[in-house]
Amino acid sequence: MEHLEEVLRSARKEAEQSEVFSVSSRATPIQFEANELKQVQTKESTSTGLRIFRKGRIGFATASGGGDVGALVEMAVETSQFGSPSGFQFPFGQDYSEVSTFDPEVDKIAMERMVEMGKELIARIRGHTPDILCDVQVTRGTSSISFINSQGGEGKYDKSFFSLSLEGILVRDTDMLFVGDGESSCRPDFVETDGLADRIIWQLEMAKKKAAVSTGLLPVIFTPIGVASALMSPLMLAFNGKTVLEGASPLKDKLGEQVFDKRLSLWDDATIAYGVGSYPFDDEGVSGRCLPLFTNGVVTNFLYDLQTASLAGTQSTGNGQRAGGGFPRPGISSLILSGGDVPFKSMVEDMKEGLIVEQLMGADQGNILGGDFGGNVLLGYKVENGEIVGRVKDTMIAGNVYQVLKELRSIGRETRWVGGILQTPHLYCSGVSVSTKGS
Amino acid sequence: MRDLISGALKGQGADYVEIHFEESQSTSIAYRGERLEEISRARNSGGNVRALVRGSWGFVSFNHLDGLRDKVALAVKEARLASREPLKLFPMEPVVDTVIPQLKQDATDIPLSTKKELLDSYNDIMLSNPKIQSTRINYRDGRRQRTFASSEGSYIEQSKTDLALRLAAIASEDNEVQQAGLSLGSDGEFSTVEGLHEQAGEVARRAAALLSAPQAKGGEYTVILDPVLAGVFAHEAFGHLSESDFVYQNENLRQVMVLGKKFGGKHLNIIDDPTIPNLRGSYKYDDEGTPTKKNYLIREGVLEGRLHSRETAAKMNESATGNARAINYLFSPIVRMSNTFITPGNASLEEMLGDIEEGVYVKDWYGGTTSLEMFTFSAGEAYMIRRGKLAELLRPVVLTGNVFTTLQNIDAIGNDLGMNQGGGCGKGGQAPLPVSNGSPHIRIRHCVIGGR
């Protein structure tokens with residue numbers, strides 16, 4: 001806090017309003033490569049961001065390491081000559097509801113124990129498929145987030161992080177199979193090696209044989225990982241207040257309208273205990289909250305930070321985020337897609353011919369602003385007469401989220417976290433375009 | 001600083017230790033529609049220690065140089081946790097050198113007001129098209145001054161500048177939204193981003209035209225790639241497979257990527273070359289202090305070489321190529337490309353088009369990714385080819401395939417090499433790394449295009 005106060009004092013001499021935001025973090029990632037421990041790392045970094053309003057315009061600068069206070073203020077003043085008009089106030093809050101984001105246990109886990117966890121996971125996977133090559137990452141970390149501004153706002157919280165992930169490659173001649181999954185949480189005891197191993201072994205089991213699907217419109221089940229890799233990018237772009245403000249979001253005039261399947265709801269929740277994306281206040285000092293994006297298919301809210309909200313004539317939703325310490329923008333905390341009532345097994349049994357999509361490659365390359373998704377199915381399985389018959393190769397899918405999510409065949413009963421920031425069920429869709437080589 | 005670093009490297013009980021330290025600064029400007037949305041400057045400094053003990057690495061990154069000996073000791077402790085096969089790095093003569101870029105007009109020295117005026121003018125042109133709903137401009141320039149020192153006696157100071165610009169126009173009509181863009185970059189030379197007014201207008205026109213363009217029908221086509229997209233193909237589909245860290249511990253993949261194996265026709269040459277002056281992927285020493293050289297990956301259709309760090313070279317009994325790069329001090333160097341390109345052949349574009357009954361001409365890139373044998377990349381611009389002639393504009397298409405099959409299916413290579421310096425490369429969480437790639441026009445038979 002001392003350093004922040006010093007920067008603020010110095011900035012106040014130049015600016016009408018000022019805000020200093022700082023993140024200090026320390027992480028220990030342990031990497032296994034091709035089944036062996038390759039590297040143990042310790043990463044420490046501190047960065048400070050200064051935002052000022054000077055002559056009615058926004059200036060912004062960041063510094064890490066030895067950047068002195070004078071240089072930081074000077075850079076912020078320089079950019080303020082050209083910055084956009086400051087149409088808002090920095091928040092004056094100091095009392096934030098508590099959100100659990102820190103577990104002191106994280107620091108007690110020895111590097112040796114993390115190495116053991118990685119070895120155990122690899123041993124389980126190789127127990128199923130001996131010739132697989134696994135890259136595993138076990139990471140623990142803590143960070144301290146604080147801010148202070150000239151309007152009296154001030155806050156500080158600590159965050160812990162623990163994650164375990166595995167990517168496996170099985171190469172046979174020129175055929176390569178990729179499997180993988182991961183778990184992460186603020187609490188190390190929420191990260192479970194056995195469940196993770198079971199899911200990867202299931203992938204290997206389903207991919208044992210190869211199968212070819214037909215070209216044409218087919219029903220598709222997106223697994224939770226599939227939902228994350230194929231459908232979320234276009235959706236999040238459309239719910240971003242910035243996209244809405246400039247009129248480029250297909251949802252811009254759809255507030256209160258039924259756009260998605262009426263059994264489906266999506267919300268952003270910064271208050272989930274020990275969620276990787278949780279926080280008591282966002283990166284601008286606005287309280288985190290639970291924000292419905294669509295409820296029973298009806299669009300209810302968009303994501304806003306302070307600046308975007310002021311331009312749109314609305315309030316920040318507590319979604320101001322600084323990726324890599326940069327300029328604040330609207331972003332998600334944790335997304336939750338509501339579960340349904342159909343077990344995955346029943347979805348499969350319902351299919352005559354169809355595709356299960358786990359991992360899509362290149363999904364974000366098409367016209368995602370218009371809602372398009374598409375790409376190569378990196379990991380996916382063919383379903384024939386209600387049974388999974390094997391993995392597909394050389395297969396592409398293409399579709400549009402607004403068409404696909406408008407009316408779903410069914411919504412899965414089981415939900416799970418993917419990457420620590422999205423909780424989702426399986427989604428069973430009809431009529432996704434599938435193209436495959438040689439047919 | 002040299003004494004401080006040299007002192008910390010001594011007597012640490014490791015097989016090898018290196019210390020990196022860097023100071024960097026950057027300027028970013030972003031527009032969204034009429035608004036200059038973000039303008040920011042950053043200054044960073046920090047470094048890291050990497051220690052090798054019996055084949056395993058320890059790594060510690062930091063913001064301040066104080067307590068450097070303790071940081072080295074922590075890296076050594078980390079390295080001792082693992083016990084892999086003992087490893088001798090590929091041998092290297094110690095190097096002491098200082099490298100400073102030679103630029104006519106260094107972007108990092110240009111006043112902010114000049115940059116803003118220039119970007120304003122591009123934005124105005126794009127927005128003046130009535131069908132353009134919004135625009136995106138992202139400009140970034142930066143300079144990194146790096147110091148590298150090793151326990152073997154190397155001490156190298158390198159300074160490198162970089163510049164990247166993307167212009168994009170978003171057209172909208174009824175409920176349709178389409179976009180088109182232009183990406184370019186340079187080694188920090190500012191003139192590269194000047195005088196693009198005509199191209200800015202063209203980007204807007206193309207986005208508008210896409211509103212009424214049809215979608216390609218998915219399936220197999222004969223496809224001609226323009227130099228930009230073919231360069232992306234060389235980088236994404238093949239270049240990444242040449243990165244030895246993917247290969248060296250993977251016995252099966254080693255058998256696929258055997259030097260001397262035939263991967264394409266006699267007309268096919270793919271090169272990675274950091275020594276070409278003034279490209280974004282150019283540098284004199286990599287982040288392990290290895291001097292760089294021109295490397296043939298494929299020569300006359302045959303696999304001739306691959307990209308190495310000192311570790312991968314030693315493990316595969318090949319030579320270090322100078323391709324170990326780190327995006328900044330928070331990361332270890334890993335095997336990366338530099339300037340990767342397909343060399344020119346002798347066909348003209350007209351000749352390649354000539355005997356295509358129905359095909360697709362794909363231009364410009366929008367993105368690309370790969371998972372070893374499989375690649376997908378998307379074209380920013382696409383046209384049908386009918387009876388040897390370019391026909392209607394199509395919505396953006398995604399191409400996918402198996403790289404080994406696709407390389408064999410290249411049946412014509414143009415005479416018109418072009419280097420693309422837009423974008424940047426991502427790998428292992430390190431992005432965007434400055435690289436460039438290039439190619440002449442190439443023609444691929446039996447290429448899968450996604451569509452509806």
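At-a-glance table
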| item | result |
| --- | --- |
| Those residues of region A:132-177 which are surrounded by 20 or more Cβ atoms within 10 Å (Cβ to Cβ) and among the aromatic types (Phe, Trp, Tyr), in sequence order | A:Phe147, A:Phe161, A:Phe162 |
| Selection status of B:Lys77, within 14 Å of another protein chain (Cβ to nearest Cβ), in contact with a strand residue (DSSP E or B) (Cβ under 6 Å, 6 or more places away or on another chain), in a helix (DSSP H, G or I) and not hydroxyl-bearing (Ser, Thr, Tyr) | no |
| Of all residues in region A:367-380 being within 7 Å of another protein chain (Cβ to nearest Cβ) and part of a strand (DSSP E or B), the one that is surrounded by the most Cβ atoms within 10 Å (Cβ to Cβ) | A:Gly374 |
| Any hit, region B:379-395, residues being within 12 Å of chain A (Cβ to nearest Cβ), at pLDDT below 95 and part of a loop (DSSP other than H, G, I, E, B) | yes |
| Sole residue being touching a strand residue (DSSP E or B) at 6+ places or on another chain (Cβ under 6 Å), surrounded by fewer than 22 Cβ atoms within 10 Å (Cβ to Cβ) and not β-branched (Val, Ile, Thr), chosen from B:Arg69, B:Arg140 | B:Arg140 |
| Residue list for region B:233-269, filter: of a type in the set (Val, Ile, Thr) and modelled with pLDDT of 90 or more | B:Val258 |
| Among residues of region A:82-131, those that are within 30 Å of B:Gly33 (Cα to Cα) and outside any loop (DSSP other than H, G, I, E, B), counted | 1 |
| Those residues of region B:342-355 which are out of contact with any helix residue (DSSP H, G or I) (no Cβ under 6 Å at 6 or more places or on another chain) and part of a strand (DSSP E or B), in sequence order | B:Ala347 |
| Identity of the residue in region A:128-173, among the small types (Gly, Ala, Ser) and closer than 14 Å to A:Leu196 by Cβ, that ends up farthest from the chain's Cα centre (by Cα) | A:Gly168 |
| Filtered residues of region A:53-68 (kept if surrounded by fewer than 19 Cβ atoms within 10 Å (Cβ to Cβ) and either more than 10 Å from every other protein chain (Cβ to nearest Cβ) or among the hydroxyl-bearing types (Ser, Thr, Tyr) (or both)) | A:Lys55, A:Gly56 |
| Strands (runs of 3 or more DSSP E) lying entirely in region A:266-366 (those with 2 or more residues that are acidic (Asp, Glu) and within 17 Å of the chain's Cα centre (by Cα)) | A:266-269 |
| Qualifying residue in region B:143-157 (condition: of a type in the set (Asp, Glu) and touching a Gly at 6+ places or on another chain (Cβ under 8 Å)) | no |
| Selection count where residues are at pLDDT 90 or above, closer than 19 Å to A:Ser24 by Cβ and not hydrophobic (A, V, I, L, M, F, W, C), scope region B:32-65 | 8 |
| Helices (runs of 4 or more DSSP H) enclosed by region B:205-310 - at least 2 residues per element that are under 17 Å from the mean Cα position of the chain (by Cα) and touching a residue at least 40 places away in the same chain (Cβ under 8 Å) | B:227-233, B:244-247 |
| Test: A:Ala248 is in contact (Cβ under 8 Å) with a residue 12 or more places away in the chain, under 19 Å from A:Ser430 (Cα atoms) and within 14 Å of chain B (Cβ to nearest Cβ) | no |
| Scan of region A:186-208 for residues that are surrounded by 13 or more Cβ atoms within 10 Å (Cβ to Cβ), farther than 24 Å from A:Tyr274 by Cα and either of a type in the set (Phe, Trp, Tyr) or over 29 Å from the mean Cα position of the chain (by Cα) (or both), ordered by number | A:Trp202 |
| Members of region A:69-90 found to be within 30 Å of the chain's Cα centre (by Cα), surrounded by fewer than 23 Cβ atoms within 10 Å (Cβ to Cβ) and more than 15 Å from A:Arg12 (Cα to Cα), listed by number | A:Ser84, A:Gly87, A:Phe88 |
| Answer residue from region A:27-45, given it is at the interface with another protein chain (Cβ under 7 Å from one of its Cβ atoms) and over 24 Å from the mean Cα position of the chain (by Cα) and is surrounded by the most Cβ atoms within 10 Å (Cβ to Cβ) among those | A:Val40 |
| Condition met for A:Thr79 (more than 24 Å from B:Ile39 (Cα to Cα) and either facing another protein chain (nearest Cβ under 10 Å) or not hydrophobic (A, V, I, L, M, F, W, C) (or both)) | no |
| Of residues in region B:406-452 being among the hydrophobic types (A, V, I, L, M, F, W, C) and in a loop (DSSP other than H, G, I, E, B), the one nearest to B:Leu167 (Cα to Cα) | B:Val435 |
| Whichever residue in region B:90-115 is in contact with a strand residue (DSSP E or B) (Cβ under 7 Å, 6 or more places away or on another chain) and not hydrophobic (A, V, I, L, M, F, W, C) and, among such residues, is surrounded by the fewest Cβ atoms within 10 Å (Cβ to Cβ) | B:Lys104 |
| Checklist (1) over 26 Å from B:Ser24 (Cα atoms); (2) assigned to a helix (DSSP H, G or I); (3) within 12 Å of another protein chain (Cβ to nearest Cβ); (4) not charged (D, E, K, R) applied to B:Thr135, failing item | (2) |
| Selected residue [surrounded by 21 or more Cβ atoms within 10 Å (Cβ to Cβ), touching a strand residue (DSSP E or B) at 6+ places or on another chain (Cβ under 8 Å) and among the hydrophobic types (A, V, I, L, M, F, W, C)] from A:Ala211, A:Ala238, A:Ala228 | A:Ala228 |
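Here's the yes/no breakdown for (1) of a type in the set (A, V, I, L, M); (2) part of a loop (DSSP other than H, G, I, E, B); (3) closer than 17 Å to A:Phe327 by Cβ; (4) at pLDDT 95 or above:
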position	(1), (2), (3), (4)
A:Ser10	no, no, no, yes
A:Val20	yes, no, yes, yes
A:Lys38	no, no, no, no
A:Glu44	no, no, no, no
A:Gly49	no, no, yes, yes
A:Ile52	yes, no, yes, yes
A:Phe60	no, no, yes, yes
A:Glu78	no, no, yes, yes
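Residue-wise test of (1) assigned to a strand (DSSP E or B); (2) among the hydrophobic types (A, V, I, L, M, F, W, C).
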residue	(1), (2)
B:Ile156	yes, yes
B:Leu163	yes, yes
B:Ala169	yes, yes
B:Gln178	yes, no
B:Leu184	yes, yes
B:Thr192	no, no
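Each row is one residue, and each column tells you yes or no for (1) surrounded by fewer than 18 Cβ atoms within 10 Å (Cβ to Cβ); (2) in contact (Cβ under 8 Å) with a residue 40 or more places away in the chain; (3) not aromatic (Phe, Trp, Tyr).
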residue: A:Ser333; (1), (2), (3): no, yes, yes
residue: A:Asp341; (1), (2), (3): yes, yes, yes
residue: A:Lys382; (1), (2), (3): no, yes, yes
residue: A:Gln403; (1), (2), (3): yes, no, yes
residue: A:Gly412; (1), (2), (3): no, yes, yes
residue: A:Val418; (1), (2), (3): no, yes, yes
residue: A:Thr424; (1), (2), (3): no, yes, yes
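The values are calculated or read from the model by the stated rules, or taken from the named source; none is laboratory data. Everything numeric in this text was worked out from a predicted model, so none of it was measured. Reconstructed Cβ throughout: ideal geometry from the backbone, glycine too, with neighbour counts over all protein chains shown.
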